[in-house]
1. How many angstrom separate the Cα center of segment A:1-73 from the Cα center of segment A:242-288?
2. Can you list the aspartates and glutamates whose alpha carbon is less than 14 Å from that of A:LYS120, not counting same-chain residues fewer than 8 positions off?
3. Count the lysine pairs in segment A:178-269 whose Cα atoms sit under 19 Å apart, keeping only pairs 8 or more residues apart in sequence or on different chains.
4. So if I place +1 on the C-beta of Lys and Arg and -1 on the C-beta of Asp and Glu, and nothing else carries charge, what would the dipole magnitude of chain A be about its Cα centre? I want it in debye, nearest 20.
5. Pop out the carbon and sulfur fraction of the accessible area of segment A:51-162 as a percent, whole number, probe 1.4 Å.
6. Report the residue, chosen from A:SER347, A:SER268, A:SER379, that carries the largest GNM mean-square fluctuation when chain A is represented by alpha-carbon nodes joined by springs under 10 Å.
7. Along the three principal axes, how long is chain A when you take its alpha carbons, biggest first, rounded to the nearest angstrom?
8. Where does the charge balance sit around A:GLN285 when Lys and Arg score +1, Asp and Glu -1, over other residues with C-beta under 12 Å from its C-beta?
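The values are calculated or read from the model by the stated rules, or taken from the named source; none is laboratory data. Just so we're clear, the structure is a prediction, and the values are computed from it rather than from any experiment. Cβ: placed from backbone, ideal geometry, glycine included. Neighbour counts: every protein chain shown. The accessibility values were calculated without ligands, DNA or RNA, using every heavy atom of the protein model including side chains. Shrake-Rupley method; radii C 1.70, N 1.55, O 1.52, S 1.80 Å.
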Amino acid sequence: MRVSQLFTKTLKDAPADEVAKNAQLLIRAGFVYKEMAGVYAYLPLGIRVIENIKQIVREEMNSINSNELIMTGLQRREVWEKTGRWSDDVVDVWFKTRLKDDTELGMGWSHEEPIVEMLKQYVKSYKDLPISLYQFQTKLRNELRAKSGIMRGREFVMKDMYSFHTSAEELQAYYDQVIEAYKRVYDRLGIGEDTYVTFASGGAFTKFSHEFQTITDAGEDIIYLHRGKNIAINEEVIDDAIKELGISRDELEKVKTAETGNIFNFGSQKAEEMGLDFVSADDKQHPVFMGSYGIGITRAMGVIAEKFSDEKGLVWPVNIAPYKVYLVSIGNVTEQATELYEKLQASGVTVLFDDRDERPGAKFADAELIGLPYRITISERLIEQGKLEFTYRNSGETELLTLDELLAKIS
RNA sequence: CGGGGUGUGGCGCAGCUGAUAGCGCGCUCGGUUUGGGACCGAGAGGUCGAAGGUUUGAGUCCUUUCACCCCGACCA
C-alpha cells in the first residue's frame, strides 16, 4: 500500500475528548474513527490489525476442532425468555428494537441462548456430539458508561465459542483444551507473558470461571498474582479463592489488568432451561453439557495498543502489525524506491510505502506513529553505498544492510 | 444512574467587565527547500453544540436541552 493512496492522514494532536492512550494513538495514526462514545469505525490500517488478530484466533480455534459460523445480530425475544434473560432487570445491557408489526427484537449482546436454540435442530443423538462452534461477531451492549477508548465500547468485535458435550467430564476435558488454545493465542498476539488464567466468579454450575487477564494500567480489573505458583485471582473472588487454594493473601501481588478473554462452564444448566437434549446409547434423554468461551478482539487490539507504544506512537508486535515494513524514500529516488517496494512485496513482505513528497522528518514521524515493526529507508546516499537503512521500531536500533541481508531478516 | 468537567473552522486552542470572531496545525495556489514533523507569499474554510429568553446589541448573561470526557456505581 502506498501512503499516497491511503485515505487517512495522521494527526499531530489527539482529539481533546479522548483520554485513553489507545484511542488517542489509534485515532492519530488513522486506525480508528470515533463515531460516538464507545463506538468506533475501523479504518484501513485498523481492519488489517483486526484481521490479523482474528486469523490467529481462527487458527487456534480450528486446531481444537471448532467450526466457524456467523450468527445473527437480531435476536428473538422468546429465545431469551426461556432463561429469564430477556428482562432488563436481569441483563442491563440490552439494546432492543421492534419490527414494523411491533414484534420485539433484541440486538445481540451475547449469543448463548440463540445458539442453544439453534442446536435443538441439529443435535438429537450422542452421535452428534461433541460440537464446538465459534464466530466473530459485533456485539452490541448498552453500557451505562463507555470508557477506555476501544477497550470498552457499546459495539465491539468478539470471538465467541460454544461447545456441547454428552458429559461433564467430556466438557471439562474440552474446557482444558480451550485454556491451552487461548494461551497459544495470547502468546501469538505478543501478550502471552502478561496474560494470566485467572479465577473469577463462576456461574451456577462451577465455583469459579476463568478469565484471561492481561496486565495493563489501562485495565479495569484488579487481580492478585502468585507468580511462583502461576496463580491469579480476580479481586471479586479473592476471599473464597484463598480458602479454596490454601494460599495466604500476603504471598500475592496486586496488579491492574484488562480482561481479554473469559471462559464459562455451564454444565447442563443452560440446556435444561432451554430443552436441548440428546439421546444416549441406551435410548435415554439427557441435557447437553455446554461451555462458552470469549475473546474480545477489539479489546485485545486496544490492550496491545496500550502496552506496545511509546511517546512517538504505536509499536505493533510483528504478528499483528498491519504491514511489516514502512518504506521511506528520501530525495529523488522514486524509481529505485518503487523497485524496492515491488521486490519486498514479491518476497511476501507486506509494505506501507511512503511515496509522498514529504520531508524525511515528516515521514519518520509518521512511521513511528503508525508503528510498523520495521522501517526501511532508501536515499541517494544509501544507493551509492549499495545499502538500505533498516530500523527496528521497538528498539530504535538501526543497521545498514544490503537487500539480500535485509530480506533474510524479515521474510 | 450519582458527582464533576467541557462544547468556538477538519484537529488543538484564545476570546477579560456584552459591541458583527482570532491564532497554531492541517487544506488550496505560487515559489524556494529536501536525512528528523521546512520557509516565504497569497487564499479557502466558522448560523461559536441546539432551542428559547434578556438586551439597542449575546461566543460572552439566563432557562431548557443534546453531546462528549473523567470519578463512582454497574459489567452473564
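1. 31
2. Those aspartates and glutamates meeting the cut-off are A:GLU112, A:ASP128, A:GLU272, A:GLU273, A:ASP277.
3. Eligible lysine pairs with Cα atoms under 19 Å apart amount to 6.
4. I would put it at about 660 debye.
5. The value for segment A:51-162 is 47 percent carbon and sulfur by accessible area.
6. Highest fluctuation of the listed residues: A:SER347.
7. So the extents along the principal axes, rounded to whole Å, are 80, 59, 45.
8. -2
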